[in-house]
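The values are calculated or read from the model by the stated rules, or taken from the named source; none is laboratory data. Please read these numbers as outputs of a predicted model, since none were measured by experiment. Here the Cβ positions follow ideal geometry from the backbone for every residue, glycine too, while neighbour counts run over all protein chains shown. Ligands, DNA and RNA are excluded from the accessible area calculation, which covers all protein heavy atoms including side chains. Shrake-Rupley method; radii C 1.70, N 1.55, O 1.52, S 1.80 Å.
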Amino acid sequence: MRPDDHALRPATRADLPAVLALLADEDRVVDPAAVVVTEAYERAFAAIDADPRNEMLVLVEPTGTVVGCLQATYIPGLGKGGAERALIEAVRVRADRRGTGLGRALMARAIDRARARGCALVQLTSNKQRSDAHRFYAGLGFARSHDGFKLPL
């Protein structure tokens, strides 16, 4: 199956177990039926779904199987002439579908959505230990430009 055969669309509540399965373990396939959807996940998904500046997007096979996801957040700012920027997080392609071009298709379509929205920049962060992901993002044209910092609360 080619990447063009897959649809990119906003996730629905019914997709939540599949998205959580993708996020649970990036090195193996997790059965969405085994995922426990807690009240915290329900609240978080509802907040994303209700916010026009957030999108949880899923990449779906013609059979309806969710094989990829990402979250895009659109951030207004005074830099870049007042244009929005898109922040992409939680990028995942199902472990048994990697290497087939789906990640490239997922990111290209998300970037097209940001461009169509008028964003001047797409940015993302990636864990320093994910060297394969870093090569993937560099291959898409992303450049290392900043060091990121996090403060757990």
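Across the range 119-148, what is the number of residues that are open to solvent by less than 80 Å² (accessible area, probe 1.4 Å) and either in contact with a strand residue (DSSP E or B) (Cβ under 9 Å, 6 or more places away or on another chain) or of a type outside the set (Gly, Ala, Ser) (or both)? Spell out the reasoning first.
Initial filter on the range 119-148 (open to solvent by less than 80 Å² (accessible area, probe 1.4 Å)): 119-126, 130-131, 133-134, 136-142, 148.
Right, trim to either in contact with a strand residue (DSSP E or B) (Cβ under 9 Å, 6 or more places away or on another chain) or of a type outside the set (Gly, Ala, Ser) (or both) and you get 119-126, 130, 133-134, 136-137, 140, 142.
Residues flagged as open to solvent by less than 80 Å² (accessible area, probe 1.4 Å) and either in contact with a strand residue (DSSP E or B) (Cβ under 9 Å, 6 or more places away or on another chain) or of a type outside the set (Gly, Ala, Ser) (or both) within the range 119-148 amount to 15.
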Within the range 82-104, residues being out of contact with any Gly (no Cβ under 9 Å at 6 or more places or on another chain) and either in a helix (DSSP H, G or I) or hydrophobic (A, V, I, L, M, F, W, C) (or both) number 7
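State whether the residues of the range 31-53 include one that is within 22 Å of Asp132 (Cβ to Cβ) and within 17 Å of the chain's Cα centre (by Cα).
Within the range 31-53 (the criterion being within 22 Å of Asp132 (Cβ to Cβ) and within 17 Å of the chain's Cα centre (by Cα)), the answer is no, since none of the residues qualifies.
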Flagged in the range 122-143 as more than 25 Å from Arg2 (Cβ to Cβ) and modelled with pLDDT of 95 or more, in numbering order, are Gln123
Note on Pro62: of the conditions (1) surrounded by 18 or more Cβ atoms within 10 Å (Cβ to Cβ); (2) in a loop (DSSP other than H, G, I, E, B), unmet is (1)
Restricted to the range 6-45 and to residues being exposed (fewer than 11 other Cβ atoms within 10 Å of the Cβ) and among the acidic types (Asp, Glu), the residue modelled with the lowest pLDDT is Asp27
All conditions in (1) within 23 Å of Asn127 (Cα to Cα); (2) assigned to a loop (DSSP other than H, G, I, E, B) are true of Val37 except (1)
Contact list, first residue from the range 139-153 and aliphatic (A, V, I, L, M), second anywhere and outside any loop (DSSP other than H, G, I, E, B) and open to solvent by 90 Å² or more (accessible area, probe 1.4 Å), beta-carbon distance below 9 Å, six or more apart or interchain, is Leu140/Arg104
